[in-house]
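Asker: Got a structure here, written out as structure tokens. Questions coming.
The values are calculated or read from the model by the stated rules, or taken from the named source; none is laboratory data. In this text the structure is predicted, and so the values were computed from the model without any measurement. We place every Cβ from the backbone using ideal geometry, glycine too, and count neighbours over all the protein chains shown. The protein model used for the area step is the full one, side chains on, heavy atoms only, and it has no ligands, DNA or RNA in it. Shrake-Rupley method; radii C 1.70, N 1.55, O 1.52, S 1.80 Å.
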Amino acid sequence: MGDMDTLFVSFDEIEDPRMDRTKKFSIGEIMFLILCAVLCGVESWRGVEDFGNDRLTWLQSFLPYEHGIPSHQTIGRVMSLLKPATITKAFISFMTTLLPDSDLEIISLDGKTLRRSFDKAKGQKAIHILNAWAVDSGMSLAQMKVDSKTNEITAVPDLLDMIDIKSATIVTDALNTQKTIAAKIVSKGADYALPVKGNHKILQKEVQNAFDTHALNTADPEVYLETIEKGHGRIETRKYSIISADVLSQKSDWKGLEFIGKAVNETFRDGKDTCETRYYLLTFSGVKRFAKVVRGHWGIENKLHWVLDVTFREDDCRVRKDHAPENFSTIRKLALNLLRAEKSTKLSIPRKQARASRVPDYLNKILNVKEI
């Protein structure tokens, strides 16, 4: 599945808060217009309107657009009114048809602030979005607005309830290493890799001491892995090790905890050595799996957050009114997912957008994922 028919069905699931007399354009028409514009590199409501006027005939081959293209004011107003939960539900509904289960092996949770979404005159702070991201496919699965980064802790369980995480491995940043979150993950049939830092000082010290005093068998491929990468004048050595969590006095406080992991990243560049060590709580064994989870989690920064900022210019977007910033963020992620799903070329995301803006047939290919 994952074709346009499925997409339109998902759009139909979005709750429309408008009065009947104001429904000149359907929610599906507005959402499809914005999505196609974003796929072609558009970054503003005015740009969406211009795109629609340029491509009206093409758009009418999919949906009626009997009244032409809505103005940028109408687009902005509707997007500010739509409840984010209903758009997120439609997003998740479509993504379940797009992603095979194998792509959900590792799910990374991390937050991102939309820096230009603040409104100083109204005392509105920039909104913070908690994201669930599939490491193997590089695709977004769901998102949730939180009041601040510290409030991710209470939002994570709700975000996990939005998606099917059974048999997946959940990895977060240290902020969300919480007993309630660990219990939630295990209760939903998933594993976790939770980093241990200063927010759990006693536990961090105990884990560190365990590795410092443990006689690790580096010849055992089940408990130790070392990789070396060279390139661009840099040598990077990564060392991963795991030991039983039975050595921890707090083991029983963390549901499902079976192992603890240590990841050491040594970098030599420009004549200088740097070393970073991180510790993790794990519900699973196998050092290769541990290494893949750790490496995968850091991909969310450059494969999602960086792309949203640099390619989609999310941090420069001045959409601020009511629910519009959060809703626009969801559409950007849907566009990025569709661009990543298009495998017929090896073009970068920006070049795919540029080609879609020039060649309607290529935009068709991006949208009709089933035929790729």
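Asker: Run THR213 past the list (1) in contact (Cβ under 8 Å) with a residue 60 or more places away in the chain; (2) within 30 Å of ALA183 (Cβ to Cβ); (3) more than 31 Å from the chain's Cα centre (by Cα) and report the number of the one that doesn't hold.
Answerer: (1)
Asker: For GLU29, all conditions in the list (1) open to solvent by 30 Å² or more (accessible area, probe 1.4 Å); (2) in a helix (DSSP H, G or I); (3) touching a residue at least 40 places away in the same chain (Cβ under 8 Å); (4) not aliphatic (A, V, I, L, M) hold save one; what is the number of the exception?
Answerer: (1)
Asker: Just the residues that are touching a helix residue (DSSP H, G or I) at 6+ places or on another chain (Cβ under 7 Å) and more than 22 Å from LYS288 (Cα to Cα), please, taken from segment 219-273.
Answerer: Result: LEU248, SER249, GLN250, LYS251, ASP253, TRP254, LYS255.
Asker: How many residues are open to solvent by 10 Å² or more (accessible area, probe 1.4 Å) and either over 12 Å from LYS255 (Cα atoms) or assigned to a helix (DSSP H, G or I) (or both) when one looks only at segment 151-187?
Answerer: Residues meeting the conditions: 20.
Asker: Please go through segment 39-90 and give me each residue that is surrounded by 15 or more Cβ atoms within 10 Å (Cβ to Cβ), among the acidic types (Asp, Glu) and outside any helix (DSSP H, G or I), ordered by number.
Answerer: Matches in segment 39-90: GLU43 only.
Asker: I'm trying to understand the selection: among the residues of segment 242-270, which are more than 17 Å from GLU226 (Cα to Cα), open to solvent by 60 Å² or more (accessible area, probe 1.4 Å) and outside any helix (DSSP H, G or I)?
Answerer: SER249, LYS255, GLU258, ARG269, ASP270
Asker: Let me ask something additional. So which pairs qualify, if the first residue must be in segment 293-307 and under 20 Å from HIS128 (Cβ atoms) and free of Cβ contacts under 8 Å to residues at least 12 places away in the same chain, the second must be of a type in the set (Gly, Ala, Ser) and surrounded by 19 or more Cβ atoms within 10 Å (Cβ to Cβ), the Cβ gap must be under 9 Å, and the two must be at least 6 apart or on different chains?
Answerer: TRP298/SER108
Asker: Take the residues in segment 271-284 that are polar (S, T, N, Q) and more than 16 Å from ARG234 (Cβ to Cβ), then tell me which one is surrounded by the fewest Cβ atoms within 10 Å (Cβ to Cβ).
Answerer: THR277
Asker: Separate question: Determine whether segment 188-197 contains at least one residue that is basic (Lys, Arg), touching a Ser or Thr at 6+ places or on another chain (Cβ under 8 Å) and within 30 Å of CYS275 (Cα to Cα).
Answerer: Taking every residue of segment 188-197 in turn, at least one turns out to be basic (Lys, Arg), touching a Ser or Thr at 6+ places or on another chain (Cβ under 8 Å) and within 30 Å of CYS275 (Cα to Cα).
Asker: Restrict the check to segment 322-332 and report whether at least one residue is farther than 27 Å from GLN73 by Cα and assigned to a helix (DSSP H, G or I).
Answerer: Let us first name the residues in segment 322-332 that are farther than 27 Å from GLN73 by Cα, namely none.
No, that holds for no residue.
Asker: (1) over 16 Å from the mean Cα position of the chain (by Cα); (2) polar (S, T, N, Q); (3) at pLDDT below 90: which one isn't true of GLN178, the others all being true?
Answerer: Just one mismatch for GLN178, condition (3).
Asker: Next up: Could you tell me whether GLU276 is closer than 24 Å to THR169 by Cβ, at pLDDT below 95 and within 26 Å of the chain's Cα centre (by Cα)?
Answerer: Considered against the rule, which asks whether it is closer than 24 Å to THR169 by Cβ, at pLDDT below 95 and within 26 Å of the chain's Cα centre (by Cα), GLU276 comes out as yes.
Asker: Could you please find all residues in segment 271-299 being touching a Leu at 6+ places or on another chain (Cβ under 7 Å) and in a helix (DSSP H, G or I)?
Answerer: VAL287, LYS288, PHE290, ALA291 - these are the residues of segment 271-299 that are touching a Leu at 6+ places or on another chain (Cβ under 7 Å) and in a helix (DSSP H, G or I).
Asker: If you don't mind, there's one more thing I want to ask. Tell me yes or no: at least one residue of segment 198-206 is among the polar types (S, T, N, Q) and over 27 Å from the mean Cα position of the chain (by Cα). Reasoning before the result, please.
Answerer: Within segment 198-206, the subset among the polar types (S, T, N, Q) is 199, 204.
From what's left, over 27 Å from the mean Cα position of the chain (by Cα): 204.
So far as segment 198-206 goes, yes, one or more of its residues are among the polar types (S, T, N, Q) and over 27 Å from the mean Cα position of the chain (by Cα).
Asker: Here is a follow-up. Evaluate the following for ASP50: is it more than 20 Å from ARG332 (Cα to Cα), out of contact with any helix residue (DSSP H, G or I) (no Cβ under 7 Å at 6 or more places or on another chain) and not polar (S, T, N, Q)?
Answerer: Answer is no for this residue.
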